[in-house]
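The values are calculated or read from the model by the stated rules, or taken from the named source; none is laboratory data. Quick caveat, the model's predicted, so the values are computed rather than measured. Positions of Cβ are generated from backbone atoms using ideal geometry, with glycine treated the same way; all protein chains shown enter the neighbour counts.
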Amino acid sequence: MKEQLEKLQQDALAQINAAEELKELQDIRVAYLGKKGSITGVLKGMGKLSPEERPVIGEVANKVRNTITDAIEEKSQKLEEIALNKQLEAEAIDVTLPGRKVQAGGPHLLTSIVEEIEDLFIGMGYEVKEGPEVETDYFNFEALNLPKDHPARDMQDSFYITNELLLRTHTSPVQARTMKEYKGEKPFKMICPGKVYRRDSDDATHSHQFTQIEGLFIDKKVRMSDLKGTLNAFAKKMFGEDRNIRMRPSFFPFTEPSVEMDISCKVCNGEGCSVCKHTGWIEILGGGMVHPKVLEMGGYDPKVYSGFAFGMGPERIAMLKYGVSDIRSFYTNDIRFLKQYHQA
Ligand code: PHE
C-alpha cells in the first residue's frame, strides 16, 4: 500500500509538472484527492490493515496528500503569474507612439469680429447690452422718432409678427431700452451687438438676417467731435493706424445731424481702385448726434443731456478687413471658409 501511494504521488507530481493551465490542475486535484479520487480509493482499503500498519500508512497517506496539495498550489501560483504577465504584455501601452491629434474647433469669424469690436469699446469704457430680437413697434420705431406711417420706415423693410410686434430691423431699440433703464438720470456708454432682420433678398451683399453693433453715449456736453474722435480711434485700431476717416452728411430719423463714415481704401491707399469704386473711400458705418426727441422719449432732458449714437455691421467690417466677398459665407458654415480664420 505504501508503494501504491508513493507511485500515485509520483504520477501526480509528474502531471502537475506538465500542466499548462489552471483547469488541468483542477482536474488533477479531483482525480487524486477528490471523493472518488485515487488516493481516497487507496485509503478506503485501510480497514483491511493490521493495527500496527494503520498509523504508518496513515502517515504516508497524509504526507502524500500534503505533497500533492502543495505542488498544486505552487504550480497554480506559477500559472497565474504567467497568465498575468501575458495579459500585461498584451495590454501594454507604447508611450512613445505619437498621440492622436485633437480636432480643436475655434470661434466663428463673426463671433471673433464681434468680440474684437466689443473689446475695443470696453477699453473705452463702454458696457455691453443686449435686447430682444422680437421687438415692439414702439421700441423699434416710435421711440426712435419714427412714428407710424413715417416714410423713413420704408428704409427698413420689416418682418411683422402682429401689428405691434416685429423682428427688430436694427439694434437701435436697445438705445431706447437703455435710456429707459437709466431713467433719464445716469450718463452712460454702451454698445449692443445682436441679430437683426430685414425683408431683403439674399445675395452677395444682402441677407435677411445679419448682425449689427450699436453704440450710444449719453452725458452732459457730448459733442460731434467726441463721436468723430471715438470712431477715428475705433477705425484705426480695427483697420490700421494708417487709415483715415471722413464723415459725410446723411439721414437717420433718430440722429441729427446724421453722418456716414468712410475709411480710406486700404487696397489703393485712397488713390482710387475697383474695390473702393474709384473713390478712395469705403463706407463702414452710420451715426450722428441723438435727436432731441429721442432723448426726450428716453426720459433725458435734451436741454441738459446730449449724446451720440452709431451703428455698424460686423459682417461688413469683417468683409473689408479680411477680403470676404460674399456675406452668405458667414451663415453657410463651410468649414473650409471658417477654418482660415481660426487663430492657432
Ligand atoms: N440703425 C441704423 C441702421 O440700421 C444705424 C444707425 C445707428 C445710425 C445709430 C445712426 C445711429 O441703419
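Regarding LEU295, is this residue within 22 Å of LEU110 (Cα to Cα) and of a type outside the set (D, E, K, R)? Spell out the reasoning first.
On the way: within 22 Å of LEU110 (Cα to Cα): no; of a type outside the set (D, E, K, R): yes.
It is false that LEU295 is within 22 Å of LEU110 (Cα to Cα) and of a type outside the set (D, E, K, R).
Starting from the stretch 187-215, keep only residues that are farther than 25 Å from MET289 by Cα, then list their pairs with residues that are of a type in the set (D, E, K, R) and in a strand (DSSP E or B) whose Cβ atoms are within a distance under 7 Å, requiring at least 6 positions of separation or different chains.
GLN209/LYS195
Condition check: surrounded by fewer than 16 Cβ atoms within 10 Å (Cβ to Cβ), under 60 Å from the mean Cα position of the chain (by Cα) and in the same structural domain as ILE57 (by TED's automatic domain parsing). Does GLU6 satisfy that? Break it down into steps so the answer makes sense when it comes.
Details: surrounded by fewer than 16 Cβ atoms within 10 Å (Cβ to Cβ): yes; under 60 Å from the mean Cα position of the chain (by Cα): no; in the same structural domain as ILE57 (by TED's automatic domain parsing): yes.
For GLU6, the condition - surrounded by fewer than 16 Cβ atoms within 10 Å (Cβ to Cβ), under 60 Å from the mean Cα position of the chain (by Cα) and in the same structural domain as ILE57 (by TED's automatic domain parsing) - is not met.
Here are the criteria: (1) more than 17 Å from GLU127 (Cβ to Cβ); (2) within 11 Å of the ligand (Cβ to nearest atom). Tell me which single one TYR160 does not satisfy.
Here TYR160 clears every test but (2).
Show me the helices (runs of 4 or more DSSP H) found entirely inside the stretch 292-344 where at least 1 residues are basic (Lys, Arg) and within 16 Å of the ligand (Cβ to nearest atom). First the steps, then the outcome.
Values: elements: 292-297, 314-322, 335-339.
The qualifying helices (runs of 4 or more DSSP H) are 292-297, 314-322.
Can you tell me which residues in the stretch 243-282 are of a type in the set (Asp, Glu) and without any contact (Cβ under 8 Å) to a residue 24 or more places away in the chain?
Restricting attention to the stretch 243-282, the residues satisfying the condition of being of a type in the set (Asp, Glu) are 256, 260, 262, 271.
Listed by number, the residues that qualify are ASP262, GLU271.
Of all residues in the stretch 163-175 being outside any loop (DSSP other than H, G, I, E, B) and surrounded by fewer than 24 Cβ atoms within 10 Å (Cβ to Cβ), which is farthest from the ligand (Cβ to nearest atom)?
Going through the stretch 163-175, the residues outside any loop (DSSP other than H, G, I, E, B) turn out to be 165-167, 173-175.
Restricting the remaining residues to those that are surrounded by fewer than 24 Cβ atoms within 10 Å (Cβ to Cβ) gives 165-167.
Numbers: LEU165: 19, LEU166: 14, LEU167: 13 Å.
That would be LEU165.
Which count do you get for residues in the stretch 232-245 that are more than 34 Å from the chain's Cα centre (by Cα) and either within 13 Å of GLY287 (Cβ to Cβ) or outside the structural domain of LYS321 (by TED's automatic domain parsing) (or both)?
Qualifying residue count, the stretch 232-245: 1.
Would you tally the residues in the stretch 135-157 being crowded, with 19+ Cβ neighbours inside 10 Å and either assigned to a loop (DSSP other than H, G, I, E, B) or in contact with a Pro (Cβ under 6 Å, 6 or more places away or on another chain) (or both)?
Matching residues across the stretch 135-157 total 7.
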